[in-house]
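What follows is a short report on a single structure.
What follows is calculated from the coordinates using simple rules that are stated; it is not laboratory data. Nothing here was measured: the structure is a model prediction, and the numbers come from that model. No Cβ is skipped: glycine too gets one built from the backbone with ideal geometry, and neighbour counts run over all protein chains shown.
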Amino acid sequence: MPVARITPTPEVGDLFTLVRDIGDAELRPRADPAEASGDYPRDVLRLIGRSGLLGLPYDDDVGGGAQPYEVYLQVLEELAMRWATVALGVSVHTLACWPLAAFGTAEQRKRWLPDMVSGELSGAYCLSEPHAGSDAAALSTRAVRDGEHYVLTGTKAWVTHGGQADFYTVFARTSDGGSRGISCFLVPADAGGLSFGTPERKMGLNASPTTLVYLDEVRVPTERRLGDEGDGFGIALQALDSGRLGIAAIATGLGQAALEASVSYAKEREQFGQPIITHQGVGFMLADMAAAVESARALYLTAASRRDAGLAYRHQASVAKLVATDNAMRVTTDAVQVFGGAGYVRDYPVERYFREAKVMQIFEGTNQIQRLVIARDLERNGT
Amino acid sequence: MKIVVLVKHVPDAAADRTFHEADHTTDRVGVDGILSELDEYAVEEALKLAGSESGEVIALTMGPEGSADAIKRALQMGADSGVHVVDDALHGSDALATSHVLAEAIGKIGEVDLVLTGMASTDGGMSVVPAMLAERLGFAHIGFVGEMSVDGGTVRARRDSDVTETVEAATPAIVSVTDQINEPRYPSFKGIMAAKKKPVESWSLADLGVAAEQVGLDAAWSQVQSVTKRPERTQGEVVTDDGDGGIKLAEFLASRKFI
Ligand SMILES: Cc1cc2nc3c(=O)[nH]c(=O)nc-3n(C[C@H](O)[C@H](O)[C@H](O)COP(=O)(O)OP(=O)(O)OC[C@H]3O[C@@H](n4cnc5c(N)ncnc54)[C@H](O)[C@@H]3O)c2cc1C
């Protein structure tokens, strides 16, 4: 049974059907082999792009789908149920477009955004550095003004789609002064001086390349600076508020997939003469898994509806990311348990789900950092 | 170039399909309907041909209310408009009546260069409607086409049957295509949004000047007397190999007259 979804219009219902069709036919069968071989599914991302899924939340004047976050995030969840790498690709791409969409001038938006959201191009988001992860404001990549250009030099770390993306949204330091000295740039993949490390050998999501990005005197025209000089860190954090909702939705989809696999296995597998789902110890574990997935979904949808209504949602986005990813970790761990020995081998997907869930507690702000955001908000604004 | 593509709404083959008890017609209410998968190839080919010749693609279906979904799917894929022939009197129509109604509808659309269809519907599966239509319309008919092109008023097509033949016909022509001809596209979200605004006309038998007595269950040339469910698959026989597995296999096959 597909997850029952709120469909504000019949077209959104058709959109969900389309995503399920593409997911079942093109994503699900390829996930296992591609994760084993580590091949980035560029063609799948193209198909996703041509289907209009790489610009869903962006305005229609630039070629986006003009959909509320509530709809876009459910699409991410449906994709993640079938292949987390692809859902992450869509989410990171959407994140990389955000600074231009939200802070670009009318001219900048008109010039670059249509190609970025129409699905032919894919993007990467370069904030983290080897020595600036959780403390991103400590980044040291420099952008030095030289006439009508900035010259960017430094090393970015952990860049999803590094070496594969067509454009890189890069945060670099235009002056000292901590978080106020950072600016944001839109760097095309063919810029001279841009190069990439070999993909990290990760625990999971191996079809999604993650690399170091080296900037060696990369010349970027001033017209490719997004927002004012010094606005970069605020832009990065606002982009992450939206990005975290994407991760919450992806984690929910991963949990949903683990739950579905576990329920069908527990109905089939018999021990002591009966299906294991009828042993209360297993049935209750499945009930807790369902509760964890459904509460994760409710949280990201609550945060999304605040965002869609134009209300502040940073706090809710952090709560959703924290709970949804912690829940996904627990649900995928329990899924391995439900499968017993079969959960520990690669013949079933739950072993992979378990490995994929872990990173969701880490990227786009570790869950410690989410607690920091929530605590600061409580300190400043109360409950 | 004006292309009519015939689209049929059929019960999803992946679901459990049943028949009405009273008249043995297909139960179209109890299961999810979809655009017949074989027709998707016709839609795709129509869109490709129209795209390269700046043509117009009209999706035509005959069927009860819900079958408008087949048109919707074609519009979401990129067709320009739709025509839905819907009338209570059509219930139970056979291929002859269907071809009669569709021929009238194509005549009413008018000035059609090409009619594209799938090679069969995934429910009835008779594959006769295209030929009947061609006969009624006086169009050339090329069936089971795996590759085609249109140049001016000439259709060139590769027919895949026991032998492979390449044939030509003057337009207007009706061509049924196989699942080898292309890879049907998915709709896009833009297509979904655009489909909402595309025109779909709904025609009754009266609009087409067809009398109710000429169609429907009573006018059908054959009647279904009874339907029987395919027996449940039974468990196969497992041969355990105790060194004589090959002999046992051969004995089994011989006992069923396979060898
Ligand atoms: C697969 C993958 C993809 C990624 N994709 C991208 C990308 O596309 N773009 C990008 O910019 N980055 C990306 N990242 C980077 C990711 O966002 C960082 O790894 C993350 O922010 C943590 O930074 P760090 O690894 O340097 O860990 P550190 O910051 O060194 O943290 C180490 C530990 O210390 C804890 N910690 C640190 N500070 C505090 C504190 N103040 N209070 C309590 N605990 C604290 C952390 O929670 C963590 O447990 C990706 C990472 C991975 C693994």
Would you list the strands (runs of 3 or more DSSP E) that sit entirely within the range B:17-115 and hold 1 or more residues that are within 16 Å of the chain's Cα centre (by Cα) and free of Cβ contacts under 8 Å to residues at least 60 places away in the same chain? B:33-35, B:56-62
Under 19 Å from the mean Cα position of the chain (by Cα), surrounded by fewer than 17 Cβ atoms within 10 Å (Cβ to Cβ) and either within 15 Å of the ligand (Cβ to nearest atom) or among the small types (Gly, Ala, Ser) (or both), is that true of A:GLN368? yes
Counting just the residues of the range A:119-140 that are more than 7 Å from the ligand (Cβ to nearest atom) and polar (S, T, N, Q), which one comes out surrounded by the most Cβ atoms within 10 Å (Cβ to Cβ)? A:SER122
All positions within the range A:270-317 that are of a type in the set (D, E, K, R) and buried (at least 16 other Cβ atoms within 10 Å of the Cβ): A:GLU294, A:ARG297, A:ARG306, A:ARG307, A:ASP308, A:ARG314
Residue list for the range A:187-236, restricted to those being in a helix (DSSP H, G or I), away from the ligand (no atom under 12 Å from the Cβ) and either surrounded by 15 or more Cβ atoms within 10 Å (Cβ to Cβ) or within 14 Å of chain B (Cβ to nearest Cβ) (or both): A:ARG224, A:GLY232, A:PHE233, A:GLY234, A:ILE235
Matching entry among A:SER175, A:SER179 (being more than 14 Å from every other protein chain (Cβ to nearest Cβ), in contact (Cβ under 8 Å) with a residue 24 or more places away in the chain, out of contact with any Asp or Glu (no Cβ under 7 Å at 6 or more places or on another chain) and within 15 Å of the ligand (Cβ to nearest atom)): A:SER179
Could we say that A:ASP115 is farther than 27 Å from A:MET203 by Cβ, without any contact (Cβ under 8 Å) to a residue 60 or more places away in the chain and within 13 Å of another protein chain (Cβ to nearest Cβ) here? no
Flagged pairs (Cβ under 9 angstrom, 6 or more apart or on separate chains; first in the range A:1-25, over 21 Å from B:ALA195 (Cα atoms) and facing another protein chain (nearest Cβ under 9 Å); second surrounded by 15 or more Cβ atoms within 10 Å (Cβ to Cβ) and aromatic (Phe, Trp, Tyr)) are A:ALA25/B:TYR186
